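Worksheet for the structure shown next.
The values are calculated or read from the model by the stated rules, or taken from the named source; none is laboratory data. Owing to the predicted nature of the structure, the values given are computational and were not obtained by experimental measurement. Using ideal geometry, Cβ is built from the backbone for each residue, glycine included, and neighbour counts are taken over all protein chains shown.
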Amino acid sequence: MMETVFITGASSGLGLAMARRYASQGAVLGLVARRGEVLEELRLSLPNPDKHRVYPLDVTDHAALAAAAADFISAHGSVSVVIANAGISVGTLTEYTEDLAVFARVMEINMMATVATFSPFIANMKSHAAARQCRLVGIGSVAGIRGLPGAEAYSASKAAVISYCESLRVELKASGIRVVTIVPGYIDTPMTQLNDYAMPFLLPVNIFAERAVKVISSGSSYRVIPWQMGVVAKFLRVLPDWLFDVIFSRAPYKSREKI
């Protein structure tokens, strides 16, 4: 059965790479991002472009997101994979009052949009889970394992995504829908290219996409990519607070920007 895949944040970075990977395997895609002209260029560059649909919208517009989901379901009957990939990363410092709006925007895009992306598809997936593999995929981050200085909003949002997906995974277990949490380390994308500090185990985005699609297909509940950052993540989980504080108090901060 042909895979039908709905991806947010599809115009660049991880979402773009996963869209290309799925399209190369013959999947039918629903592509979501704010930049309509970029989405259309992407659609035309993919194999069998007429099979794919583009939805130019802001994922914080939950009504528009639900309408896009309804259109994709109507066009294809059932949906096999939904990837809530849209996300932003920006430095924040709690001491600055002006960063409160940035905190809200980061949480709205990274966390709440994940919920809003999944929500319209669950009933459809429940009705088709017996006949096909159904996956809801959340994109976390190693930054969500322990809170990083200067990135309070990003770390908090990705920790929330990881915990939310865990809750949803247990909740939907009996339905046959698999909830998959992908936790990227440093991946070479426009987002990480803005970082002015060393990024260990930096992975090309096309390699990330290849590995992520395999993990999603397997239905694995949780995977850090690349695996080396998985080792680091396990180490961070058990690192005593006092030692974590000593090590990461010297970590570089991501630049603060208005969004």
Name every residue in segment 1-12 that is at pLDDT 95 or above, more than 10 Å from ALA86 (Cβ to Cβ) and of a type outside the set (S, T, N, Q), in order of residue number. VAL5, PHE6
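Answer yes or no as to whether SER167 is touching a His at 6+ places or on another chain (Cβ under 9 Å), over 20 Å from MET18 (Cβ atoms) and in a helix (DSSP H, G or I).
The answer is no for SER167.
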Reported set for segment 51-86 where residues are at pLDDT 95 or above and either acidic (Asp, Glu) or at positive phi (or both) is ASP58, ASP61, ASP71
Return the residues of segment 40-50 that are surrounded by 15 or more Cβ atoms within 10 Å (Cβ to Cβ) and either in a loop (DSSP other than H, G, I, E, B) or modelled with pLDDT under 95 (or both); say none if nothing qualifies. LEU46
Which is more than 15 Å from ALA233 (Cα to Cα) and of a type outside the set (Phe, Trp, Tyr), of LEU172, LEU148? LEU172
So in segment 1-20, with the set limited to residues that are within 10 Å of the chain's Cα centre (by Cα) and part of a helix (DSSP H, G or I), which one is nearest to LEU202 (Cα to Cα)? LEU14
Flag for ARG211 being under 15 Å from the mean Cα position of the chain (by Cα) and assigned to a strand (DSSP E or B): no
Would you kindly identify the helices (runs of 4 or more DSSP H) lying entirely within segment 74-131 that contain at least 1 residues that are surrounded by 23 or more Cβ atoms within 10 Å (Cβ to Cβ) and β-branched (Val, Ile, Thr)? 99-107, 113-118
Residues that are surrounded by 20 or more Cβ atoms within 10 Å (Cβ to Cβ), in contact (Cβ under 8 Å) with a residue 12 or more places away in the chain, not acidic (Asp, Glu) and not in a strand (DSSP E or B): does segment 134-141 have at least one? yes
